[in-house]
Amino acid sequence: MDQRLSGPEDDGYIGYMLSDVARLIRTVFDRRVRDIGLTRAQWLVLTRLYRRPGASQTELADMLEIDRASAGRMIDRMEKNGWVERRPDGGDRRINRLHLTAEARKVHAAMWAIAEATVDDALSPLSATERVQFTSLTARVKGRLQSLAGSAP
């Protein structure tokens, strides 16, 4: 069926499917990382700081789409757990840069293995060729959405 012809009552509508797939992957991943003691908030912080070491609290809050105070509380808890350290910014003493500790990087490695297994499980109905096609098409859609949102890829 042509996806453009489906409407809001159709579960096959591409917008619903994309939302459902993202939600279900997060749900499965959440359950799996819970076994190693991670909450969604923690794995989100670990992931963002792994990809952007040295981010400020404000930058982290923006990446997580939460307010600065909530980000600060999460950072405080993760610092107490020995997963995040604050380091002064060389150019602005009002800013602390956030870095993962060695322990947090170990947790991130375990979490990454779970993430890869989750994606592999989710994509298991697809052939190797279909996976490449899916990745390529998804990247094109993401690029277009980033352009529409005015953000860099």
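Please treat every number below as a calculation from the coordinates, not as lab data. Since this is a predicted model, take the numbers as computed values, not measurements. Note that we place each Cβ from the backbone using ideal geometry, even for glycine, and neighbour counts take in every protein chain shown.
Loop by DSSP (not H, G, I, E, B), at most 12 other beta-carbon atoms within 10 Å: where is the longest site-free stretch of the chain for trypsin sites (Lys or Arg not before Pro)?
Excluding the exposed sites themselves, the longest stretch runs over 1-92.
Identify, among Ala113, Thr129, Leu60, the residue whose Cα sits farthest towards the positive end of the charge dipole of the range 3-149, taking +1 on the Cβ of Lys and Arg and -1 on the Cβ of Asp and Glu, with the dipole about the Cα centre.
Going by the Cα projections, it comes out as Leu60.
In percent, what relative contact order does the range 3-149 have, based on Cα pairs under 8 Å that are 6 or more apart in sequence?
20 percent
What translational D, rounded to a whole number of µm²/s, comes out for the range 3-149 from Stokes-Einstein when the hydrodynamic radius is the Kirkwood one over Cα pairs, at 4 °C and 1.567 mPa s?
The Stokes-Einstein estimate is 73 µm²/s.
How large is the charge dipole for the chain, taken about the Cα centre, if only the Cβ atoms of Lys, Arg (+1) and Asp, Glu (-1) carry charge, to the nearest 20 debye?
Dipole of the chain, to the nearest 20 debye: 720 debye.
With a ≥ b ≥ c taken as the square roots of the eigenvalues of the C-alpha gyration tensor of the range 65-153, please select rounded if a/c is under 1.5 and otherwise prolate if a/b is larger than b/c or oblate if it is not?
Oblate shape, in that a/c is at least 1.5 and b/c is the bigger or equal ratio.
Between Thr135 and Arg86, what is the label-point separation in nm under the 7 Å Cα-to-beta-carbon projection?
Calculated label separation equals 3.9 nm.
Output the DSSP H helices from the chain with an along-axis C-alpha extent of no less than 27 Å and a mean Kyte-Doolittle hydropathy no less than -1.0.
Once both thresholds are applied, what remains is 14-34, 102-123, 128-149.
Amide H of Ile95: which non-local residues (sequence gap of 5 or more, or other chain) have their own amide H closer than 5 Å, using H built in the peptide plane?
Asp89
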